[in-house]
Each structure stands twice: as structure tokens, then as C-alpha cells.
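Novice: Submitted below is the structure of interest, expressed as C-alpha cells.
Where a number appears in this text, it was derived from the coordinates with a stated rule and is not lab data. Only a predicted model underlies this, so the values are computations on that prediction, with no experimental measurement involved. Here the Cβ positions follow ideal geometry from the backbone for every residue, glycine too, while neighbour counts run over all protein chains shown.
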Amino acid sequence: MTTAARLVRREWGPMWAVVRRGLADRGVRAIPLTLTALCLITLFQAAQHQRSRYWGYGLVQDVGFVRAADPWWLALARTPLSLFVPAADLPVWGALAQVLVIFGIAEIALGRRQTVLIAYVCTLAGLAYARIGVAIGPSGVLGLPAADARTVDTGPSAAVVGLAICLCLRFRAWLTGALVGTAVVLEAIAKPNLAGREHLVAIVAALAVATFPALRRG
């Protein structure tokens, strides 16, 4: 066995064994949350390109658009569905692929409740950071320009990053976790925008959640 093969086996072998066993035992019944998420992303993607108020962009805006300028109660009410509203200016296949792979693995390996918890906490952490960053202003180290308060902040990317980090910790895939972290840091440096910084916050939130005993399964 080559060095590369041993590395791949060490990094992903335990994770793959758990996923393969879960799919072999239950098939698609092992990932109902993931399949529901894929359906919602597809539905919202189709709807937000329609101009109807009652079935289209207006409806998606009312139930899933989150901005730092929104009142807290409104942002919190919309946040659960905002995870499944893909960015209108990005290819939807990217969001679908991320959710299928990361949510699917997490649902089998961590369990449905832990997957929802991590995804929601990481998304809420990004939401909270956006408000704090705008309040600090662009002159601060962690600050954001005032215009970011009106930026539509949706999509599953923060949840995906947080779940990926927790999976790496769960299966001790240290190199993969380091690569994910490095990629997020480089993204934040190359594109110092709201999304890039929220991904950094998602990593911090995931590390905090991963300290819970419920995530330590070996």
C-alpha cells in the first residue's frame, strides 16, 4: 500500500466504514434530513427565480431572507429556513453537493439531532457575528462595513463548514480538518466579505459544540 493510500485510509477509512454500514443497513432511510434539505434547496432555488408575490421571490424573501439589519425576532424566525435558500448569484449545484456529502455523512455518523444542533448553532453564530461586526464598523479588526447590514445572508455554507469540522474531530481526521480550516482562512483573506468571516465564526462555533460529551463517541 502506498503512502498516499495509507493516508487516505487513516483519514477517511473509519468515516467511510460508518457511512457504508449505515447505508447498507437502511439505505436512503438513513438520511431523511439530508434528503429533505436537498428538496428544500431545490424548491427555494426554483421559487426565488419566479416573480410572483405568493409563489416566487417574494415568498422566499418573506420566509427565508435574513439580514443583520432585521429585528432579532424576525431574523430568528427566518433562520431555520434560511439555511436552505441558496445564494441567487451562485450555482445551486454547489449547495446541493455540499449538503448531500456533509449533511449525509453527519446524519449517519453523528445522528440527526446532533446534525441539526451543529448546523443551527453555526448558522446562528454567523448571524450574531454579522450584527456585532456591523456595530464595530470597518475600522475595527472584526468589523464590517455598514452596507453588510443589508446583505442577504442565506445558504447552508456555514452549517456545512461547522459539520465538516465536527466530523473531522469525531473521526480524528486531523489533516482533513487542518485543510478545511486553512481553506476557510484563505477564503477570508482573499475575499474579506461577510460570508468568508462567517465561515471562520462557524469553525469557532463548531469547536465549541464539539466539546459537548454527546459528540464524543469513541
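Novice: Can you tell me the order of 193-203, 161-171 when each peptide is scored by its average per-residue count of other Cβ atoms within 10 angstrom, highest first?
Specialist: Details: 193-203: 21.5, 161-171: 25.0.
Going from most to least packed, we get 161-171, 193-203.
Novice: How do 113-121, 98-106, 75-83, 174-182 rank on mean C-beta neighbours within 10 Å, highest first? Each step should come with its number before you reach the end.
Specialist: On the way: 113-121: 20.2, 98-106: 21.8, 75-83: 18.6, 174-182: 15.1.
Ranked from most to least packed, the peptides come out as 98-106, 113-121, 75-83, 174-182.
Novice: Counting alpha carbon pairs within less than 8 Å and at least 6 residues apart, what relative contact order, in whole percent, applies to the stretch 3-215?
Specialist: Numbers: 276 pairs, mean separation 48.1, N = 213.
Taking the mean separation of contacting Cα pairs over the length of the stretch 3-215, I get 23 percent.
Novice: Separate question: Taking a quarter of the surface of the Cα convex hull of the stretch 63-107, what do you get in nm²?
Specialist: Values: hull surface 15.4 nm².
Answer in nm², one decimal: 3.8.
Novice: Can you name the helices of the chain, as whole DSSP H runs, whose Cα span along the helix axis is 27 Å or more and whose Kyte-Doolittle mean is not below -1.0? Let's see the in-between values first.
Specialist: Working: long enough: 3-26 (34 Å, -0.40); 112-136 (36 Å, 1.09).
Those that clear 27 Å and a mean of -1.0 are 3-26, 112-136.
Novice: Amide H neighbours of VAL85 under 5 Å, counting only residues 5+ apart in sequence or on other chains, H built in-plane at 1.01 Å?
Specialist: The answer is GLY155.
Novice: What 222 nm value per residue comes from the helices of the chain, counting each DSSP H run with n ≥ 4 as -39,500 (n - 2.57) and dividing by all residues, nearest 500 deg cm²/dmol?
Specialist: Using -39500 (n - 2.57) per qualifying helix, the result is -21500 deg cm²/dmol.
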